[in-house]
1. Those residues that are in contact (Cβ under 8 Å) with a residue 12 or more places away in the chain and out of contact with any helix residue (DSSP H, G or I) (no Cβ under 8 Å at 6 or more places or on another chain), I need them from segment 35-47; list them, please.
2. Check segment 67-81 and report whether any residue there is touching a strand residue (DSSP E or B) at 6+ places or on another chain (Cβ under 8 Å), acidic (Asp, Glu), at pLDDT 95 or above and surrounded by fewer than 14 Cβ atoms within 10 Å (Cβ to Cβ).
3. For segment 1-56, what are the residues that are among the aromatic types (Phe, Trp, Tyr) and buried (at least 22 other Cβ atoms within 10 Å of the Cβ)?
4. Report the residue count in segment 66-82 for those that are under 14 Å from Gly128 (Cβ atoms) and hydrophobic (A, V, I, L, M, F, W, C).
5. Confirm whether Val147 is in contact with a helix residue (DSSP H, G or I) (Cβ under 8 Å, 6 or more places away or on another chain) and β-branched (Val, Ile, Thr).
6. For segment 82-95, give me each residue that is surrounded by 16 or more Cβ atoms within 10 Å (Cβ to Cβ) and more than 18 Å from the chain's Cα centre (by Cα).
7. Is there any pair with a first residue in segment 148-162 that is touching a residue at least 12 places away in the same chain (Cβ under 8 Å) and among the acidic types (Asp, Glu) and a second that is assigned to a helix (DSSP H, G or I) and surrounded by 12 or more Cβ atoms within 10 Å (Cβ to Cβ) whose Cβ atoms are under 8 Å apart and which are 6 or more apart or on different chains, and what are they?
8. Between residues in segment 50-67 that are free of Cβ contacts under 8 Å to residues at least 60 places away in the same chain and residues that are polar (S, T, N, Q) and part of a strand (DSSP E or B), which pairs lie under 8 Å by C-beta distance while being six or more apart or on different chains?
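The values are calculated or read from the model by the stated rules, or taken from the named source; none is laboratory data. This is a predicted model, so every value here is computed, not measured. Methodologically, a virtual Cβ is constructed for each residue, glycine included, from the backbone with ideal geometry; neighbour enumeration extends over all protein chains shown.
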Amino acid sequence: MRLVAVDGPSGSGKSTFAARLAAELGGVPVVPTDHFATWDDPVSWWPRLVADVLDPLWHGREARYRRLDWTGGTPKPGEQVTVPVSDVLVVEGVSAARRSIAARLDEAIWVELPDPAERLRRAVARDGEASREHLRRWQAFERGWFVVDGTKARADRVVLVD
């Protein structure tokens, strides 16, 4: 299985880009990091994605995981998701191209809208006004995460959105 990561700051258009890419690749599965991350746990959930999704797929078995349901702005356990075996998997979201998985990635794509105020506006429009303060804290966290992780510098392709 080839693994493609679509990463970058929140509100940049990663989900839209990943959906288009998956369609262009013949309808391959997309696993969003939003199915795993929470406001209080933005990145340390990664071992669950590896154990529940990546390892089974790398071994030719379909994957199953319980996604988080963000309805109402507070994540809670949601439905079970089955990911079929595929030639390509797209993992999309903040930290999808993290350093710990870099050696296993076939392509890392960085998607970024350069204007932080516009990213916040788009994220609030998507998630609701009640999420504004959470999103501000999230965006502050991700700025530090990306610097320490060096995500953008390792990307195979950078897509700037306007």
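1. Of segment 35-47, the ones in contact (Cβ under 8 Å) with a residue 12 or more places away in the chain are 35-39, 42-43, 46.
Passing the criteria: His35, Ala37, Thr38.
2. Within segment 67-81, one or more residues are touching a strand residue (DSSP E or B) at 6+ places or on another chain (Cβ under 8 Å), acidic (Asp, Glu), at pLDDT 95 or above and surrounded by fewer than 14 Cβ atoms within 10 Å (Cβ to Cβ).
3. The first filter runs over segment 1-56 and keeps only residues among the aromatic types (Phe, Trp, Tyr), leaving 17, 36, 39, 45-46.
The one that is among the aromatic types (Phe, Trp, Tyr) and buried (at least 22 other Cβ atoms within 10 Å of the Cβ): Phe36.
4. Looking only at segment 66-82, we keep the residues that are under 14 Å from Gly128 (Cβ atoms), and these are 70-75.
Subsequent filtering for residues that are hydrophobic (A, V, I, L, M, F, W, C) retains 70.
Matching residues across segment 66-82 total 1.
5. Values: in contact with a helix residue (DSSP H, G or I) (Cβ under 8 Å, 6 or more places away or on another chain): no; β-branched (Val, Ile, Thr): yes.
Taking the combined requirement at face value, the residue does not satisfy it.
6. Let us first name the residues in segment 82-95 that are surrounded by 16 or more Cβ atoms within 10 Å (Cβ to Cβ), namely 83, 86, 88-95.
Across segment 82-95, the qualifying residue is only Ser86.
7. Asp149/Arg99
8. Qualifying pairs under 8 Å: Glu62/Thr82; Ala63/Thr82; Arg64/Gln80; Arg64/Thr82; Tyr65/Gln80; Arg66/Gln80; Arg67/Gln80.
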